[in-house]
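A short write-up of the structure that comes next.
The values are calculated or read from the model by the stated rules, or taken from the named source; none is laboratory data. Values in this document were obtained by computation on a predicted structure and should not be read as measured data. Ideal geometry is used to build each Cβ from the backbone, glycine not excepted, and the neighbour counts take in all protein chains shown. Only protein heavy atoms, including side chains, enter the accessible area calculation; ligands, DNA and RNA are left aside. Shrake-Rupley method; radii C 1.70, N 1.55, O 1.52, S 1.80 Å.
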2 protein chains.
Amino acid sequence: MAEFNIDKEENFSEWFDEILKKAELVDKRYPVKGFVAHRPNAEYIEDKIQEMLEHKLKETGHRKARFPNAIPESILQKEADHIEGFEPEVFWITKGGKKDLPERLGLTPTSETVMYTMYSKWITSYRDLPYKIYQRCPVWRHETKHTRPLLRDREFEWIESHDAFKTREEAEEQVEEDIEIAQQVITEKLGVPFHYFKRPEWDKFSGAVHTFGADAFMPDGRFLQIPSTHLLGKNFSKAFNVTYEDRDGEEKQVWQTCFGPAVGRIFAAYIATHGDEKGLRLTWETAPTQAVIVPILHGENKEIEQTAKEVKKTLEDKNIRVELDDSEATPGEKFNHWEMMGAPIRIEIGENEVEEEKLTIKRRDTGEREEIDKKELEQYIEEIPEKIRKELRKQAQEKFKGNIENAETVKEVKEIVEQGKIARANWCSIDKDGKKCADILTSETAGAKVRGTIHHKEEEAKGKCIVCGEEAKEVVYIGKEY
Amino acid sequence: MAEFNIDKEENFSEWFDEILKKAELVDKRYPVKGFVAHRPNAEYIEDKIQEMLEHKLKETGHRKARFPNAIPESILQKEADHIEGFEPEVFWITKGGKKDLPERLGLTPTSETVMYTMYSKWITSYRDLPYKIYQRCPVWRHETKHTRPLLRDREFEWIESHDAFKTREEAEEQVEEDIEIAQQVITEKLGVPFHYFKRPEWDKFSGAVHTFGADAFMPDGRFLQIPSTHLLGKNFSKAFNVTYEDRDGEEKQVWQTCFGPAVGRIFAAYIATHGDEKGLRLTWETAPTQAVIVPILHGENKEIEQTAKEVKKTLEDKNIRVELDDSEATPGEKFNHWEMMGAPIRIEIGENEVEEEKLTIKRRDTGEREEIDKKELEQYIEEIPEKIRKELRKQAQEKFKGNIENAETVKEVKEIVEQGKIARANWCSIDKDGKKCADILTSETAGAKVRGTIHHKEEEAKGKCIVCGEEAKEVVYIGKEY
């Protein structure tokens, strides 16, 4: 294992690239721009994240289905705003074998048009509502911006849930439920804090009434949208004729929402939030290897080897994912390797440990060494998952909090953003009218964007919009984005 | 629920279409030929099948990864036989947004060329071997034959495992392990019997040294290949330069195998093997609803309702997927509905049951009613999964066995195949030389194909090839195929 030791805050871009390589996570050397290979270490963690999301979706009454990954052009065009937003990014399939297809097919950049084509057949009565379905699938977007593994790929996997309701109120409640799911998985379980913004009118999902985006904040001072959830209103149910016969016999359009947690981006935020100059730091639940045992040998020592095997057996019997590293590497090399891989605990067993019937445990989350009696191991293992989760979350939240500064002028926004922080400012409006000011701001700050108002935080704007000087109606948050 | 009552053996094609519709499994009304939507009932069962396969793959040392779903044309062309076999079936992506792509991309019809591009970077030393990885992904094939949901789609999901070894012996052992996995999941767990054929030289996977295919036998007398496994030899490791440095310092090519269980086809065979004129029959493990409780009410009856709720609670506490059907439908309608859905057991609770503290249980696998003491329920539930699995498997195996008849002439093959059976015949050779005879056979029997020799069954051919009259070297099995 070569040296790592890149400072995450100083040089995030290089740090991120290196950790993807050294922890054998994602390989960008596949010869198609924006299409990457997820190695087993990455897929393991991403699968765990998927499972957590799927678990919550099932708990909240969603059923899993699977839909085609290609859309005839005529269907993609049915909702006018939607096609306008996505058309520049669609990969088109035009041939099957040597034949031209009768109609070209877009690879799904998102699945509204595919799913609602079927919903119009499946939803018939008020008894079918609410209708809550999700799928796990790849999506493709021909991004024109610089691609970066996990952060911006042209092909990625996500979960998308699409729900239909009788009333706007129910749809709005669903948006809240989606936010709650994101909170429970991404912040509670994975320890990644985020802001939940209501996006300005000019930055919403193509075809939505409102968009709410969860933004993690990366070590280089950029927002990374992880999931977003959309109140679609009746825009799609009109275009796709998704209707139900109500109790009163009338045919009515459904209210719709959709929610799209992109697992690769959540994973990227997870790596970036907890990783350090030694490599990955992982929660117990997501770690491919939860505990690694390193025998500290000076030459051969049967007792140490025997103890190491016993400890391994004890852990295996408790279904712990444990590795006994008895390779030829030195203990130091082993320490480096497993710290890079993010194994949550390392159990060191040397002469002292055998003699005193103790175990030395190095925690990856705190970096501290703890000594326990060997017979306390099972108890220790029961308590450690929760401790690690809390510790990682606490560290992340502390860093996350101090990042916001008030800005009175565009110049101040620029300074704050250049320091890698979030600017908070008075703003005329997040309706369409505010777009002029947003464009000015972005061009004068080398790319800073209005991310929106914090959802549910009733912040009273006192003063003038920092761009146009009109009476401010909103308090918005501004920063660079991925 | 409309009447079903189509005889599976008499009219399999209609039966299969109807069950996909009525049990809300797969919807072919999506407006792209061969691209279908998998409704929640189907996805649930397919997910369970996937999990069983993944479990076995992990148990046998495979790790899960994820690879791009698109291949640059130049890479697809690297292995000559492979591109020749697959080129007619590739869907081509030619545009991103409005721009032509610099090189057109094929949607993966199978992932050898994608994965081995990366393996050539990831495998470096003898220490990396054996190298065993699988992925779960969609694949696309522009089939020119008639498409049918699950049986032949243009887009489907599968698992593919790709393994690399130092020696041919290890690779051959892997083929055996793959067969074993298929056996354990498809036959043992799902109760679907199959033959494992070594395919003739002219019917092997494009790029393979040998192909072994597992063929289920459908009620209309056609073979359905479910998984296949391939000994790839060094064909791909040469083309993709997948090499390792051996102990002796020499750079050597790996031996490779791959294995591709297509979940949709396994699911189709599963539906077809166990389903009957009333609908699906499912094993306990795969059933979305394992037990349904139907109260038999004549007007209101608090005691019955109370007992039904208690029974539901008892089952939920044991993590059983249970439904209490208290809808407004009649008991008869409920019976029909849940038989269609394949719920393994139905618990009927009426006045008698309440009075005598009994439960009447109707089993979907045997069609028999059983009466048990209410307090025996937990015991009953512990034993029933295994009983159902064995019963379904037994019924399927009995039907499967009597299907083979010996044929002495091509005419006899035609007669046997027309009766929906499998013909067993002497054959000159399954090497390239035998292809002439196979072509003649197919044309004279309206499409019957030589599926191969039964792998590991050392059958001695005594006599002449039924087509050319030369000395027979093999005993082959012949039938129509999907």
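Entry comment: accessible area of chain B is 42 Å² per residue, from protein heavy atoms only and a probe of 1.4 Å. Of the GluC sites (Glu not before Pro) found in the range A:378-482, those that fall in a DSSP loop while having at most 10 other beta-carbon atoms within 10 Å are A:Glu458, A:Glu460. Amide hydrogen proximity for B:Leu324: with H placed 1.01 Å from N in the peptide plane, the residues at 5 or more positions away or on another chain lying under 5 Å are B:Ile293.
If you bin all the Cα-Cα distances of the range B:404-481 at 10 Å, starting from zero, the percentages per bin are 22, 60, 18. Here the peptides B:360-372, B:277-289 are ranked by packing, the mean other Cβ count within 10 Å, and the order with the highest first is B:277-289, B:360-372.
Give, in whole angstrom and from largest to smallest, the semi-axes √(5λ) of the equivalent ellipsoid of the protein assembly as shown, with λ running over the eigenvalues of the Cα gyration tensor.
Here the semi-axes work out to 47, 37, 32 Å.
Residues of the range B:53-76 that bury at least 50 Å² of accessible area when the other protein chains are present, relative to the chain alone (probe 1.4 Å, heavy atoms, ligands and nucleic acids excluded): B:Arg63, B:Lys64, B:Arg66, B:Pro68. Given +1 at the Cβ of Lys and Arg, -1 at the Cβ of Asp and Glu and no other charges, the dipole of the range B:291-384 around its Cα centre is 320 debye to the nearest 20.
Distances between placed amide hydrogens fall under 5 Å for A:Phe91 paired with A:Leu107, A:His142, B:Gly97, all partners being 5 or more residues away or on another chain. Across the accessible surface of chain B, with the other protein chains kept in place and a 1.4 Å probe, carbon and sulfur atoms take up 43 percent. Contact order, relative form, for the range B:404-481: 40 percent (alpha carbon pairs under 8 Å, 6 or more residues apart, mean separation divided by residue count).
In percent, rounded to a whole number, the relative contact order of the range B:291-384 is 29, using alpha-carbon pairs under 8 Å and six or more apart.
Bridge orientation summary for the range A:353-428: considering DSSP beta bridges with both residues in this region, about 60 percent are antiparallel.
Less than 5 angstrom separates the built amide H of B:Ala472 from those of B:Gly463, B:Lys464, B:Cys465, all sequence-distant by 5 or more or on a different chain.
What the phi angles of the range A:24-32 give under the Karplus curve with 6.51, -1.76 and 1.60, with θ = phi - 60°, is a coupling list of 6, 9, 10, 10, 9, 7, 5, x, 10 Hz, glycine and proline written as x. From zero up to wherever the largest Cα-Cα distance of the range A:12-274 sits, split into 10 Å bins and tell me the percent of pairs in each. With a bin width of 10 Å, the distribution comes to 7, 29, 36, 21, 7, 1, 0.
Peptide B:148-157 is shielded by partner chain Cβ atoms: per residue, an average of 1 of them sit within 10 Å of its Cβ. For the set A:Tyr44, A:Tyr30, solvent exposure ranked by accessible area (probe 1.4 Å, protein chains only) runs largest to smallest as A:Tyr44, A:Tyr30. Summarise the long-distance tail of P(r) for the range A:16-161 by giving the % of C-alpha pairs beyond 20 Å. Pairs farther apart than 20 Å: 59 percent. Over chain B, Cα pairs under 8 Å with separation of 6+ residues give a relative contact order of 14 percent. Charged neighbours of B:Glu10, selected by a Cβ distance under 12 Å, balance to -4 (K, R count +1; D, E count -1). Annotation for B:Lys399, label-to-label distances across the other copies: 6.0 nm (shortest first, one decimal, point 7 Å from Cα along Cα→Cβ).
B:Thr409 exposes around 60 Å² of accessible area when a 1.4 Å probe is run over every protein chain in place. Counting only DSSP beta bridges whose two residues both lie in chain B, roughly 80 percent are antiparallel.
Eigen-decomposition of the gyration tensor built on the alpha-carbon atoms of chain B gives equivalent ellipsoid semi-axes of 44, 28, 22 angstrom, largest listed first. When the Cα centres of the range A:250-307 and the range B:352-423 are compared, how far apart do they sit, in Å? That distance is 44 Å.
Sorted from shortest to longest, the distances between the A:Glu84 label points of this copy and the other copies are 5.3 nm, with each point 7 Å from Cα along the line through the beta carbon.
Look at the stretch A:43-52: the mean tally of other chain Cβ atoms within 10 Å of its residues' Cβ atoms is 2. Over 13 Å apart: what share of the alpha carbon pairs of the range A:20-72 falls there, rounded to a whole percent? Cα-Cα pairs of the range A:20-72 separated by over 13 Å account for 71 percent. Put simply, chains B and A cover up around 4800 Å² of each other's accessible surface, both sides summed, when a 1.4 Å probe is used. With the label put 7 angstrom out from Cα along the Cα-to-Cβ vector, B:Asp100 ends up 1.4 nm from the copy partners, going from closest to farthest. Given R0 = 60 Å, the distance between the Cβ atoms of A:Glu460 and B:Asn241 translates into a calculated FRET efficiency of 0.40. Computed over the range A:60-142, the percent of Cα pairs more than 14 Å apart is 67.
Just to be sure I understand the curve: with the Debye formula and one point per C-alpha of the range B:291-384, what is log10 I(q)/I(0) at q = 0.13, 0.22, 0.23 Å⁻¹? So the normalised log intensities are -0.38, -1.20, -1.32.
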